[in-house]
Amino acid sequence: MIGWTLRVLVAGGLLGSAWVHWVVWQDWAADVGVVGPLFLVNVVAGVGLAVAVLAWRHPLAAAGAVAFGLVTLAAYVLSLTVGFFGVREQFATQEELWGVVTEVVCVVFGAALLSPRVRAAERRRG
């Protein structure tokens, strides 16, 4: 049961991040050279990983979710500090807040899904 709950939380984080990136892409990122296409990659990857996390019990799906969250957070931190492909953020919008929240959810609950206890419990359940 805990494994399924964690999977739903991770998938929710992935879909939430994908949604935030879709909204921001429509708002302003579509017109930005490198960052615009990367936002669309984030949308597709978030949805694809969410499906994988829910449908495939393999640890690679959870590891992908953790990597997704970490890479997206790293890109955002770069955009806040030194800039990311010419984009400088200021952490001033609801989208930025929800983006950070959803990506932290991916990392924290994805890592929990990879824990030996959860993996063993999932193996026992079938």
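For the subset of segment 32-41 comprising residues that are out of contact with any strand residue (DSSP E or B) (no Cβ under 8 Å at 6 or more places or on another chain) and modelled with pLDDT under 90, which member is surrounded by the most Cβ atoms within 10 Å (Cβ to Cβ)?
Step one: list which residues in segment 32-41 are out of contact with any strand residue (DSSP E or B) (no Cβ under 8 Å at 6 or more places or on another chain), which gives 33-34, 36-41.
Cutting the leftovers down to modelled with pLDDT under 90 gives us 33, 36.
Working: 33: 10, 36: 17.
Among them, the one singled out is 36.
Would you please name the residue that is surrounded by the most Cβ atoms within 10 Å (Cβ to Cβ), looking only at residues in segment 65-81 that are out of contact with any strand residue (DSSP E or B) (no Cβ under 9 Å at 6 or more places or on another chain) and touching a residue at least 24 places away in the same chain (Cβ under 8 Å)?
65
Considering each of 55, 63, 50, 75 in turn, give the residue that is within 13 Å of residue 15 (Cβ to Cβ) and modelled with pLDDT of 90 or more.
50
Looking at 16, 46, can you tell me which residue is free of Cβ contacts under 8 Å to residues at least 40 places away in the same chain, of a type outside the set (Lys, Arg) and touching a Ser or Thr at 6+ places or on another chain (Cβ under 8 Å)?
Exactly one of 16, 46 is free of Cβ contacts under 8 Å to residues at least 40 places away in the same chain, of a type outside the set (Lys, Arg) and touching a Ser or Thr at 6+ places or on another chain (Cβ under 8 Å), namely 46.
So for segment 82-95 (the condition being open to solvent by less than 40 Å² (accessible area, probe 1.4 Å), touching a strand residue (DSSP E or B) at 6+ places or on another chain (Cβ under 8 Å) and of a type outside the set (D, E, K, R)), does at least one residue qualify?
Scanning segment 82-95, I find no residue that is open to solvent by less than 40 Å² (accessible area, probe 1.4 Å), touching a strand residue (DSSP E or B) at 6+ places or on another chain (Cβ under 8 Å) and of a type outside the set (D, E, K, R), so the answer is no.
Select from segment 1-24 the residues that are at pLDDT 95 or above and surrounded by fewer than 21 Cβ atoms within 10 Å (Cβ to Cβ) and list them in ascending order.
Correct list: 8, 9, 12, 15, 16, 19, 22, 23.
The values are calculated or read from the model by the stated rules, or taken from the named source; none is laboratory data. Here the structure is a predicted model, which is why all the values come from computation and not from measurement. All Cβ positions, glycine included, derive from the backbone under ideal geometry; neighbour counts span all protein chains shown. Accessible surface areas use protein heavy atoms only, side chains included; no ligands, DNA or RNA. Shrake-Rupley method; radii C 1.70, N 1.55, O 1.52, S 1.80 Å.
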